[in-house]
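Take a look at the structure set out below.
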Amino acid sequence: MIILLAINATMFVIKLAVGWYAESTGLIADSMDMLADAIVYIIGLYAIGKTARHKARAAMASGWFQALLGLLILADIVRRILYGSEPVSLLMMGMGVLALIANVYCLVLIQEHKDGEVHMRASWVFSKNDVIANSGVILGGLLGWWLDSRWPDLIIGSFIALIILNGARHIITDARNECTDEDESGSCGSSGCDDGLIVVV
């Protein structure tokens, strides 16, 4: 997970810088997805060796954080629709390919844990979504270059934001179910986990 964290944190910084320079909503959205993944891996490392309740809360916190990023991306898309943007398609495609290679490698590393504990299932979902998002950025760059239009980038950015929000919903639901099961077995604690946004301490 340390390797996954390092890859995602590095790619977040690179893609955010390139996305800002290239005025690409798709790249910025994808960079935010990488940031969310980095946070997920930090939380996952925190949860190692902890109780089932801590792991469920860790997964839920990562889900809420990713949901917040998805909403921020949608807000940026609205801003760019209103004020305009001129995405650089070649930079989009180049960074999309680089990120796709990095995320496929991450997906291979975490493959064996996709059916593991709840915080590891969260990491798997986010890594899988990254590969889909990277493919979308490449497609958006190609269509933007072909059509000479900013709309493919905006559409792909919206698509990535929806993927992020759906992944967040999936993880929050999974974490709540996990904690409900633990409550029924008496090992999750009397306070439970299904209380909305939980701060991991």
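The values are calculated or read from the model by the stated rules, or taken from the named source; none is laboratory data. Values in this document were obtained by computation on a predicted structure and should not be read as measured data. Backbone-built Cβ (ideal geometry, glycine too); neighbour counts: all protein chains shown. Please note that ligands, DNA and RNA were not included when accessible areas were found on the heavy atoms of the full protein model with its side chains. Shrake-Rupley method; radii C 1.70, N 1.55, O 1.52, S 1.80 Å.
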(request) Could you list all residues from the range 78-88 that are part of a helix (DSSP H, G or I), within 11 Å of Arg150 (Cβ to Cβ) and either open to solvent by 20 Å² or more (accessible area, probe 1.4 Å) or of a type in the set (Asp, Glu) (or both)? (result) Ile81
(request) Can you work out which of the residues in the range 166-186 that are farther than 27 Å from Leu74 by Cβ and of a type in the set (Asp, Glu) is modelled with the lowest pLDDT? (result) Glu184
(request) Please find, among Ala67, Ala75, the residue that is in a helix (DSSP H, G or I) and either free of Cβ contacts under 8 Å to residues at least 12 places away in the same chain or not hydrophobic (A, V, I, L, M, F, W, C) (or both). (result) Ala75
(message) Quick test for you: out of Ser127, Ser123, Ser135, Ser158, pick the one residue that is touching a His at 6+ places or on another chain (Cβ under 9 Å), polar (S, T, N, Q) and assigned to a helix (DSSP H, G or I).
(response) Ser123
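What's the total number of residues in the range 139-151 that are within 23 Å of Leu82 (Cβ to Cβ) and in contact (Cβ under 8 Å) with a residue 40 or more places away in the chain? Spell out the reasoning first.
Residues of the range 139-151 that are within 23 Å of Leu82 (Cβ to Cβ), as a first pass: 140-141, 143-144, 147-151.
Next, only the ones that are in contact (Cβ under 8 Å) with a residue 40 or more places away in the chain stay: 140-141, 144, 150.
Qualifying residue count for the region: 4.
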(request) Out of the residues in the range 99-138 that are in contact (Cβ under 8 Å) with a residue 60 or more places away in the chain and open to solvent by 40 Å² or more (accessible area, probe 1.4 Å), state the one that is nearest to Leu162 (Cα to Cα). (result) Arg121
(message) Between Gly96, Gly44, which is touching a His at 6+ places or on another chain (Cβ under 9 Å) and either at pLDDT 80 or above or part of a helix (DSSP H, G or I) (or both)?
(response) Gly44
(message) Please go through (1) without any contact (Cβ under 8 Å) to a residue 24 or more places away in the chain; (2) surrounded by fewer than 16 Cβ atoms within 10 Å (Cβ to Cβ) for Leu162 and return the number of the only condition it doesn't satisfy.
(response) (1)
